[in-house]
Amino acid sequence: MKFKDMPYKRIDFKQVEAEIHSLMKEWKTAENGEEQFEIHKKFYKLNDSVATQATICSIRHTMDTTDSFYEEEQKYYDQQMPAYSNLCVAYQKLLLDSPFRKTLEEKIGPVAFKNIDMAMRAVSPEIIPLMQEENALVTEYEKLLAGAKIEWEGEILNLSLLTPYLKHREPQVRRKAWEKQNEFFLSIEDKLDELYDKLVKNRTLQAKKLGFETYVPLGYLRMGRNCYGREEVENLRKQVKEVFVPFAESLYQKRKERLGLTHMSFSDEQIYSLKGNPAPKGTPEEILAAGQKMYEELSVETREFFDFMMEGELLDVFGRKTKAVGGYMTYLPDYKAPFIFANFNGTSGDVDVMTHECGHAFQGYLSAQDPIREHADLGMETAEIHSMSMEFFTEPWYGLFFDEETTKDYTKMHLEDAVMFVPYGCMVDEFQHEVYAQKMTDTDKRYQLWHALEEKYMPWRDYDGDPFLEAGGFWMQKQHIFMCPFYYIDYSLASMGALEYYPENIFLQKEEQMSLDEIAKECERIFETNNSESLDTIFQMGGSSGGARPKVYYDIDGEEWIVKFPSSYDSKDIGQQEYEYSLCAGRCGINMPETRLLNSSIGSGYFAVKRFDRQGDKKIHMVSVSGLLETSHRIPNLDYNQLMKLTFILTKSYEEVEKMYRLMCFNVFAHNRDDHSKNFSFIYNDNEKVWELSPAYDLTYSNSIGGEHATMVDGNGRNPGMKEILQVAENIQLDSRRAKKIAENIYEIVANDLKDYINQSYK
């Protein structure tokens, strides 16, 4: 479903409260841990529904901060969510106190119980009014920044649209832009000071009511810090001052020399070279298209992820004057859908969105496949590693976004910036620690504190006489300081973690491809020892553990093919078997892609299939039944009756339905029981503007789970035959005589061609 079509309905929290109380009563009468876990799954569903509607509201509010409807709805959730959070914690306390806790821990994991305990210590009914006030203050801050109207050469810009000028190659332009931005913050300085005073007082009072001396320990609880505390963070910052700051200073010195400057002002710091910062080529739409190509090539999993994002219109990245400032990734549980919000502005930051925010979204997409919600409850320092490491994983594809020379500059700049950011992230964190530890509501002291910290963490910074910044006003533009205390250190932690993933190699050149026998031996070694010297090489070739057997993308005559290799439980002749199955399927009238049996000195050969989702460099749009129906391919929950109906609804063609019917007949007679929802797909015919059943794939002898068909045949998964096949034909209103003739013909061909593999008759 597309985001714009997702229905919004205000959550009735009185009804939700009643439902949670009902679950709590049901919980207390449960006789064992299994029953309690089933109740807990009901809580998942209820909480998902609340989170989905609240998130839809929040997204649409940030998409257009002038929309009065969603502004009022956001105010509603600002008021209601604190009480709801408190109610959820009351429910979760039942898990902690359960006599069947051991069973529940086996289900959701012991870390989840640790996090529940922390959540319980972070809320209380008596602080609900304060939490409501805090939410309202944060929303007011967001609106204040989103309302920026900065005059620029006859045009009115917001903060996001001004950003390109802050990084302009011409020194006088970027200096002017900084002055314009500073003027805006000076114009709202008093309001920001007042807002932050209120936030500090509010959060401090929440902490006192919960039994804490300051907000710092409460902030750690709310950040989910379950394995380290303030002391560890202080030690990290100490090491950053000793090690990272001098290193970052040396990088800034090189940047200064690169710019040919004798004196580097604050407005020069973000400029990579005299040519200016590397800017992506193409329109915002072309950047999105480049991102799609990148994730298609990175892995099968990332391809599926990004296709899902594009099909659902789950990226709002185009800059608009009424949008909120900044960017984020959030999640819509009911739709198992991540959502990315950003403001493209023509800078390299647009590419960062395609890597960083998509790293977050990819993690959310994968986590959605886990039915245990607590497993996705990761700390933010871990979440940011997902996003920042994706920035490095995608380095071989930077050339899709930039010209050749610009790609080199961006690669170097990106790495430099990753290192130079670490001190700044620590500085923001120490600023917040001191503010809340000292309960600092004195405006002048906050400015003095920031200025003093800049001298420690960024000794190279020169504000060149700017009165606002010289006084220590730079902190006001950092949204995290207002919106989410103690979050910013996670970026520094994640930066250092992500640097561990810096790629040592890029794509193999075609002449460097490993031989197929070498790949097969390495796959075997991985299965046997869980280790391989060539593992990185195999992954660079598109190697994937997805599906039942390992596979790689392989260049054959300048075209991309998929080559499969035996798994640990396959015979050496599995390649020949699948090849013979593909030929047999073709003789049965099934639409098949081109297949080959490639030579091997250690077996009968390797099965290869030419990619049919490509036409030259162009991707042919393809979607699986699993994706269409939003169902897991790991769970046998489909019937061919459903597939026939789906085929007709999507294609509007009985010709395509007959193709699906032939495939069903082949799977039954050829004993291919691995007929799950990901092994049926549809492709879009761009010329005819219609959907068609894709060529068949993954056809081989298989017993699947429990020896049953993953997709039942008219309700029979164990031992379907001609009776069930003809009933499916009748249900979809295929001509009975033609359906019978097709089925009998396929049976005869299969019985003759595949007799060496099939040991059971289906007549």
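Overview of results
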| quantity | calculated |
| --- | --- |
| Any hit, the stretch 721-737, residues being closer than 25 Å to Phe607 by Cβ and more than 33 Å from the chain's Cα centre (by Cα) | no |
| Some residue of the stretch 575-594 being at pLDDT 95 or above and basic (Lys, Arg) | yes |
| Selection count, the stretch 665-707, where residues are assigned to a strand (DSSP E or B) and among the charged types (D, E, K, R) | 1 |
| Filter result for Lys336 (of a type in the set (Lys, Arg) and at positive phi) | yes |
| Residues located in the stretch 575-591, provided they are closer than 15 Å to Lys755 by Cβ and touching a Lys or Arg at 6+ places or on another chain (Cβ under 7 Å) | Cys588 |
| Test: residue in the stretch 198-220 that is part of a loop (DSSP other than H, G, I, E, B) and aliphatic (A, V, I, L, M) | yes |
| Checklist (1) assigned by TED's automatic domain parsing to the domain that holds Glu455; (2) over 22 Å from Trp178 (Cβ atoms); (3) crowded, with 16+ Cβ neighbours inside 10 Å; (4) among the hydroxyl-bearing types (Ser, Thr, Tyr) applied to Tyr295, failing item | (1) |
| Filter result for the condition that a residue is among the aliphatic types (A, V, I, L, M), surrounded by fewer than 16 Cβ atoms within 10 Å (Cβ to Cβ), out of contact with any Asp or Glu (no Cβ under 8 Å at 6 or more places or on another chain) and at pLDDT below 85, over Ile602, Ile635 | Ile635 |
| Enumeration of residues in the stretch 465-518 that are assigned to a loop (DSSP other than H, G, I, E, B), modelled with pLDDT of 80 or more and surrounded by 15 or more Cβ atoms within 10 Å (Cβ to Cβ) | Asp466, Gly472, Gly473, Lys478, Cys484, Pro485, Phe486, Tyr487, Tyr488 |
| Every pair of residues 6+ apart whose Cβ atoms lie under 7 Å, when the first sits in the stretch 222-233 and is within 15 Å of Ile116 (Cβ to Cβ) while the second is surrounded by fewer than 15 Cβ atoms within 10 Å (Cβ to Cβ) | Asn226/Lys114 |
| Test for Ser299: is it within 30 Å of Lys678 (Cβ to Cβ) and among the hydroxyl-bearing types (Ser, Thr, Tyr) | yes |
| Subset of the stretch 708-763 [in contact (Cβ under 8 Å) with a residue 40 or more places away in the chain and hydroxyl-bearing (Ser, Thr, Tyr)] | Thr711, Tyr747, Tyr757, Tyr762 |
| Some residue of the stretch 382-391 being outside the structural domain of Gly497 (by TED's automatic domain parsing), of a type in the set (Asp, Glu) and either more than 30 Å from Lys107 (Cα to Cα) or surrounded by fewer than 16 Cβ atoms within 10 Å (Cβ to Cβ) (or both) | yes |
| Of residues in the stretch 548-590 being part of a loop (DSSP other than H, G, I, E, B) and among the hydrophobic types (A, V, I, L, M, F, W, C), the one farthest from the chain's Cα centre (by Cα) | Cys588 |
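The values are calculated or read from the model by the stated rules, or taken from the named source; none is laboratory data. Because the structure is predicted, anything quoted here is derived from the model rather than measured. All Cβ positions, even for glycine, are placed from backbone atoms using ideal geometry, and neighbour counts span all protein chains on display.
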